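Since the structure comes first, as structure tokens, the remarks are kept for the end.
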Amino acid sequence: MNSISEESNYEKVFSQFKSRFLESNLEETSKILQLKADDEYLYVPFFCKICRVARETGEITGEKNQEISVTDRLTIMHHLCCYQKFAQKSDRKVPFREIREAAVFEAAYNRMALEPLKKAFQGRGDALLKAGIEIGGKQEKFGDVSITLQAFPTISLTYIFWDSDEEFPAAANILFDNRIAQWTHPESVPVLAETGTKRLIAAMGI
């Protein structure tokens, strides 16, 4: 958040999507998005942590009633409200620029997801791998270090890191499911990338 006013605006947008959620078919939503549900809540795995979405109010809390940031709540609500009913499972991974619906946000994606990742883990690729596994990621075989994080049951992101050497600075990339825009709002695509980066950095203790 850059300011209190921005946070307030996010809360207004969240309220709008919450109203859409309350009017939707929650059984259909939980089935399509592969979510567990009971009479009170839908349970949403969000980067391997369970969040509860109240059926009656649409409020989102942690599994033990922890408070969730408005950015995370809006990202979760985008997923719950903006998926396409006939969304297809992705069949390949692509870089951000190939996600046509989200391409307009590429500058923000670079600034908020890639640059902090390169800065935090330069010279510390082993720390990236350790952090990724600690938060539930799966090791991959790309670059010097790569890890796939499961943002939601239907959305994953693969973080790839090349460490610096005598000739080149550190570099990073994130690969997305090619049909990610069928599963959430396009604005959430760079936000998911940023969220994953923040969680990797936090797991390293920075």
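The values are calculated or read from the model by the stated rules, or taken from the named source; none is laboratory data. The structure presented is a predicted model; accordingly, all values stated were derived computationally and were not measured. Glycine gets a Cβ as well: all are built from the backbone with ideal geometry, and neighbour counts include every protein chain shown.
Are any residues in segment 192-204 β-branched (Val, Ile, Thr) and within 15 Å of residue 173 (Cα to Cα), and if so, which ones? Of everything in segment 192-204, those that are β-branched (Val, Ile, Thr) and within 15 Å of residue 173 (Cα to Cα) turn out to be 195, 197. Does segment 84-97 include one or more residues that are over 20 Å from residue 182 (Cβ atoms), part of a loop (DSSP other than H, G, I, E, B) and either among the polar types (S, T, N, Q) or modelled with pLDDT of 95 or more (or both)? No, there is no match, as no residue in segment 84-97 is over 20 Å from residue 182 (Cβ atoms), part of a loop (DSSP other than H, G, I, E, B) and either among the polar types (S, T, N, Q) or modelled with pLDDT of 95 or more (or both). Scan segment 123-170 residue by residue and report those that are polar (S, T, N, Q) and closer than 25 Å to residue 189 by Cβ. 139, 146, 148, 150, 154, 156, 158, listed by residue number.
Kindly evaluate residue 61 against the criterion of being farther than 27 Å from residue 136 by Cα, modelled with pLDDT of 95 or more, outside the structural domain of residue 154 (by TED's automatic domain parsing) and surrounded by fewer than 19 Cβ atoms within 10 Å (Cβ to Cβ). Spelling it out, it is not the case that residue 61 is farther than 27 Å from residue 136 by Cα, modelled with pLDDT of 95 or more, outside the structural domain of residue 154 (by TED's automatic domain parsing) and surrounded by fewer than 19 Cβ atoms within 10 Å (Cβ to Cβ).
If you go through segment 182-203 and keep only what is within 26 Å of residue 86 (Cβ to Cβ) and surrounded by fewer than 20 Cβ atoms within 10 Å (Cβ to Cβ), you end up with 182, 185, 186, 187. In the condition set (1) in a strand (DSSP E or B); (2) touching a Phe, Trp or Tyr at 6+ places or on another chain (Cβ under 6 Å), residue 73 is compliant with all but (1). Taking segment 13-49 as the search range and keeping residues that are in contact (Cβ under 8 Å) with a residue 40 or more places away in the chain and of a type in the set (D, E, K, R), which one is surrounded by the most Cβ atoms within 10 Å (Cβ to Cβ)? Ranking the candidates gives 18 first. Which count do you get for residues in segment 33-54 that are part of a loop (DSSP other than H, G, I, E, B) and under 23 Å from residue 87 (Cα atoms)? The total comes to 5. For the residues 97, 52, the requirement of being basic (Lys, Arg) and either closer than 18 Å to residue 192 by Cβ or exposed (fewer than 13 other Cβ atoms within 10 Å of the Cβ) (or both) singles out 97.
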